[in-house]
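Student: Sending over a structure as structure tokens; questions will come in a sec.
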Amino acid sequence: MSDATSPTTTAATTSRGRAQIPAQGADRDALLAAMQDMRSGDADWHGGKTWSMVYFIGEDHHAFLKQAHNLFFAENGLNPMAFQSLKRMESEVVQMTAGMLNGGRDTVGTMTSGGTESILLAVKAARDRARRTRPWILRPELVAPKTIHVAFDKACHYFGVKPRYVDVGPDFRADVAAMRKAIGRNTVLVAASAPQYPQGVIDPIEELGEICQSKNLPFHVDACFGGFILPWIEALGHELPTFDFRVPGVTSMSADVHKFGYAAKGASVVLYRDMTYLRHQFFVSTDWPGGIYASPSMPGTRPGGPIAAAWAALRSIGRDGYIAHTREAVAAAQELRAGVNGIVGLQVLGAAHSTVVAIGAASAGSEGVDIYAVADVMQERGWSVDRQQHPACLHCTVNAHNRPQVPGFLADLTEAVAHVRAHPELSSEGNAAMYGMMAKVPVRGLVKLSVQKVMEGMYGPDGAVPDLSQLGAGEDDGFVLSFIHKYGDRVMEVLDQVDGLRASIGGRLRGK
């Protein structure tokens, strides 16, 4: 095979080993084969062993989405006059989503590239609305529970809004009294989740909506995660807290079509009760030499493929299809919860509002195990689960296609718990040590420094994928990670004591 066709020469390299555009183009088949080979080490979502990030309902639907996406591969939603087909599909996706979430005739919105953009726009629109309606606010604030999606933190960082995060109750739901107390004269937006990601529980939307309505404040419900499954869980007869536009105080919502809407990646919707809110999302410039420029959302170029695939997904699956897939997902989540609660040393955290299963260590006696060490063992067995903190737990987003894998997952989980209990040293090794320490370090700036070092490595000149097991081994790594390698168990013992002291003080302050 010549240089022009070899998959190993798809990009020329310099003496430093950095990729360069090759002098001659490589053979397309060889490139596709090389790309396929690159995927070999990725998470196994096809086989149902991945409990997040990918929402899959079968090869037929997957192939159909590719076709729908590729029909509009080159089209650009930036100019709705040039590509009226995309504008029509976007409008219908917005209308279908609004109807599903009990919006009224005046409910409006746009499609976005994902949940983060939907949240960014909701915060930006609230800030800009306050500039018009309450111009005396110079330091706008957002009030939200600590379990709100981190994209709100990003939005506040980008748009100069101060976040005021409120502790949640023992059920992991927003504390209504604490939320009311946190609202002040500078509040421009209150936000809550349906459901929140960590434990999958729905915040008390009705109670918070009443507060916001009485104070004439915008109230955003982040349903990016659950917007396309909670309505179908209700349709199956499961009782849930009211979470959508049926609550009068709700003024905006976000819902990701590329999650439980089973659309292609890059498709979310942000909705507003009426145009008086949405108009503050738009950007319009009339003085640019290139012409009048108007944009409804963050990007300029808006890829047509995700819009088309979202429209095709909603139309092809239909209400009955969504209910059928949700029935399987709910059954899988119920089987997983029952199995986890039957394993000595583990417990499920949070109410069964959604198909999220958060797995924590048992809280009483000596039965509990290091959940991060359990995660390491499960990872070695091919399972991809997310690790969470405050409290330490594992996160499983359960889809219909995960159901056949539930028995195998539970069998491996049972063995993993027994293995960790028999080998307590695992808590101070590998990823378990890193996650355990990161979760307990009281000075969060130190954690941020370490993560910043990881990001610098990932996005530096060489763009290397980090080996987490080696973090902290070098002189230039972050402070916290280097401590793991130098001091190990001694630091963990101190942090355990600090963690216990903080909990004790917090309980006394709350009168417990």
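The values are calculated or read from the model by the stated rules, or taken from the named source; none is laboratory data. Please read these numbers as outputs of a predicted model, since none were measured by experiment. Please note: Cβ atoms are built from the backbone with ideal geometry, for glycine as well, and neighbour counts cover all protein chains shown.
Student: Taking segment 322-335, which residues are surrounded by fewer than 20 Cβ atoms within 10 Å (Cβ to Cβ) and either under 16 Å from residue 227 (Cβ atoms) or touching a helix residue (DSSP H, G or I) at 6+ places or on another chain (Cβ under 9 Å) (or both)?
Tutor: 323, 324, 327, 328, 331, 335, listed by residue number.
Student: Look through segment 54-64, keep the residues that are in contact with a Ser or Thr (Cβ under 9 Å, 6 or more places away or on another chain) and assigned to a helix (DSSP H, G or I), and return whichever of them is farthest from residue 398 (Cα to Cα).
Tutor: 64
Residues checked against (1) touching a Gly at 6+ places or on another chain (Cβ under 7 Å); (2) under 17 Å from residue 407 (Cβ atoms):
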residue	(1), (2)
313	yes, no
338	no, yes
351	no, no
359	no, yes
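Table: residues versus (1) assigned by TED's automatic domain parsing to the domain that holds residue 128; (2) free of Cβ contacts under 8 Å to residues at least 12 places away in the same chain; (3) hydroxyl-bearing (Ser, Thr, Tyr).
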site	(1), (2), (3)
165	yes, no, yes
172	yes, no, no
177	yes, yes, no
182	yes, no, no
186	yes, no, no
190	yes, no, no
194	yes, no, no
197	yes, no, yes
201	yes, no, no
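Student: Ok, one more. For segment 232-321, which fully contained strands (runs of 3 or more DSSP E) count at least 1 residues that are at pLDDT 95 or above?
Tutor: Per the criteria, 252-256, 268-272.
Student: For segment 202-231, name all the residues that are in a loop (DSSP other than H, G, I, E, B) and acidic (Asp, Glu). Full working, then the answer.
Tutor: Keep residues of segment 202-231 that are in a loop (DSSP other than H, G, I, E, B), which gives 202-204, 216-218, 223-229.
203 - this is the single residue of segment 202-231 that is in a loop (DSSP other than H, G, I, E, B) and acidic (Asp, Glu).
Student: Which members of segment 42-72 meet the condition of being at pLDDT below 85 and over 27 Å from residue 357 (Cα atoms)?
Tutor: The answer is 72, and nothing else.
Student: Let me ask you something else. Considering only residues that are acidic (Asp, Glu) and over 19 Å from the mean Cα position of the chain (by Cα), look in segment 99-156 and name the one that is nearest to residue 391 (Cα to Cα).
Tutor: In this case the residue turns out to be 141.
Student: If you take the residues in segment 189-210 that are buried (at least 24 other Cβ atoms within 10 Å of the Cβ) and among the small types (Gly, Ala, Ser), which one is farthest from residue 392 (Cα to Cα)?
Tutor: The selected residue is 191.
Student: Within segment 277-312, take every residue that is free of Cβ contacts under 8 Å to residues at least 12 places away in the same chain and of a type in the set (Val, Ile, Thr) and give me the one that is nearest to residue 192 (Cα to Cα).
Tutor: Filtering segment 277-312 for residues that are free of Cβ contacts under 8 Å to residues at least 12 places away in the same chain and of a type in the set (Val, Ile, Thr), the one nearest to residue 192 (Cα to Cα) comes out as 284.
Student: Do you know which residues across segment 289-315 are more than 21 Å from residue 270 (Cβ to Cβ) and surrounded by 15 or more Cβ atoms within 10 Å (Cβ to Cβ)?
Tutor: none
Student: Scan the helices (runs of 4 or more DSSP H) fully inside segment 379-463 and keep the ones with 3 or more residues being surrounded by fewer than 21 Cβ atoms within 10 Å (Cβ to Cβ) and modelled with pLDDT under 90.
Tutor: The helices (runs of 4 or more DSSP H) meeting that bar are 430-440, 444-458.
Student: Being in contact with a Pro (Cβ under 9 Å, 6 or more places away or on another chain), in contact (Cβ under 8 Å) with a residue 60 or more places away in the chain and more than 18 Å from residue 199 (Cα to Cα) is the filter here, so list the residues in segment 226-267 that pass it.
Tutor: 244, 252, 257, 258, 263, 264, 265, 266, 267
Student: In the set 140, 145, 198, 163, which member is modelled with pLDDT under 95 and touching a Phe, Trp or Tyr at 6+ places or on another chain (Cβ under 9 Å)? Walk me through how you get there before you give the answer.
Tutor: Values: 140 fails: modelled with pLDDT under 95; 145 fails: modelled with pLDDT under 95; 163 fails: modelled with pLDDT under 95.
Just one listed residue meets the conditions, 198.
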